[in-house]
Amino acid sequence: MMPPLFVLLLVPALAALTTFIVTGRLLPWLRRKALDRPNARSSHQVPTPRGGGLGVLAGLLPGWVVLSLWAPPALLPELSALLAATLVLAFLSFRDDRKPLPAWVRFAVQSAAIGFILAVQSPDRLVFQGALPLILDRLITGIGWLWFVNLFNFMDGIDGISAVEAGAIGLGTALIAVLAFARIDLAGFGLVYAAAAAAFLWWNWPPAKVFLGDVGSVPLGLLGGWLLLQIALAGALSAALTIPLYYLVDATVTLLWRAYDGETIWHAHRRHFYQKAVQRGFSHNTVSLRIAGLNALLVALATASLHPTLGLGWFGLALGLSAVAITARRFIQGQRR
């Protein structure tokens, strides 16, 4: 059963309004309880509260609960597990925002949360469309999803960047869900995700008044990964990889680069391409706007890859990689004097 048009318009609007109001109301408390003071690895220079993800979740999660009323019955166990796992990770992540937890604790709980969701997923829902045995399909999916949750957290290092990325993921999956698969229910989830991110952007745009914190970036990584997973399960793996391609490439290349140099890869650093751009003269808003423009292109390529006439297929992903490489190179070069 598809949600009515007024629901598709009203629920995202309410999610955005709730996120905007709750984030503003939380600011005084976050300044007292979760103030992020700059250090040598920071990209900001003024003490700024973190934990704004609480406001995002206050708008996003109720919206997803409402939309689940129109979800296919077979999807309800998976959605219930997803929302429960999101709450667990939000609680753990806010605890980490206030007093850092060991990396192994965070990793173990994230792994258990993703494993729980995949365990209740219908066995006929396969990312590789039956080309691999069920257990191998689930294992690769789980590892990829776990990496996406962590890379989304790693990439949240300058003002506006993750709200921009979440907006692209939400709108991109909504567009593909409608145009390629006639999944109006899935489009609703994407629109609520994007709307909450857009409302938070008011508070997070440079100079940021509040940061997402782990309580925002980790759940957004989990939920955004789920949205992309739905596109992959529908048979469009290349499109699902293309939409978040800048985040995937920047985080993965940087991780390999740091591992090669012998660094402790789970420690904070300033070696991402977008961080290099800021260090070399680009402002936070310029970098975030460039990533927003790149994301728009990636969403267009992902959509075009599924068009029956254009038939880009995996070639769309290749074109996206080229665009990401050009952007990364420009970031490394820095601002021309």
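A few comments on the model shown:
- Candidate set: region 88-124, residues that are at pLDDT below 95 and of a type in the set (D, E, K, R); chosen: the one nearest to residue 135 (Cα to Cα): 124
- Annotation: residue 124 fulfils all but one of (1) over 28 Å from residue 277 (Cβ atoms); (2) of a type outside the set (Lys, Arg); (3) surrounded by 15 or more Cβ atoms within 10 Å (Cβ to Cβ); the unmet one is (3).
- Residues considered: 171, 146, 118, 186. Of these, the only one that is crowded, with 19+ Cβ neighbours inside 10 Å, hydrophobic (A, V, I, L, M, F, W, C), farther than 26 Å from residue 12 by Cα and in contact (Cβ under 8 Å) with a residue 12 or more places away in the chain is 146.
- Test result for residue 305, in contact with a Ser or Thr (Cβ under 6 Å, 6 or more places away or on another chain), within 23 Å of residue 225 (Cα to Cα) and polar (S, T, N, Q): yes
- Check on residue 85, buried (at least 19 other Cβ atoms within 10 Å of the Cβ) and at pLDDT below 90: no
- Scanning region 1-38 for residues that are touching a Gly at 6+ places or on another chain (Cβ under 6 Å), outside any loop (DSSP other than H, G, I, E, B) and among the small types (Gly, Ala, Ser) yields one hit, 15.
- Failed item in (1) in a loop (DSSP other than H, G, I, E, B); (2) in contact (Cβ under 8 Å) with a residue 24 or more places away in the chain; (3) loosely packed, with under 15 Cβ neighbours inside 10 Å; (4) of a type in the set (A, V, I, L, M), with residue 306 passing the rest: (3)
- Conditions (1) modelled with pLDDT under 95; (2) more than 22 Å from residue 127 (Cβ to Cβ); (3) surrounded by fewer than 21 Cβ atoms within 10 Å (Cβ to Cβ); number of the one not met by residue 286: (1)
- The single condition among (1) touching a Gly at 6+ places or on another chain (Cβ under 6 Å); (2) touching a residue at least 60 places away in the same chain (Cβ under 8 Å); (3) within 23 Å of residue 66 (Cβ to Cβ) that residue 223 does not meet is (1).
- Test for residue 212: is it over 19 Å from the mean Cα position of the chain (by Cα) and either of a type in the set (A, V, I, L, M) or surrounded by 22 or more Cβ atoms within 10 Å (Cβ to Cβ) (or both): no
- Unique residue being small (Gly, Ala, Ser) and closer than 21 Å to residue 70 by Cα when the list is 142, 172, 157: 172
- Within region 10-33, residues that are free of Cβ contacts under 8 Å to residues at least 24 places away in the same chain and surrounded by fewer than 16 Cβ atoms within 10 Å (Cβ to Cβ) have Cβ atoms under 7 Å from residues that are of a type outside the set (Lys, Arg) and outside any helix (DSSP H, G or I) in these pairs: 31/49, counting only partners at least 6 apart in sequence or on another chain.
The values are calculated or read from the model by the stated rules, or taken from the named source; none is laboratory data. Values in this document were obtained by computation on a predicted structure and should not be read as measured data. Virtual Cβ from ideal backbone geometry, glycine too; neighbours counted across all protein chains shown.
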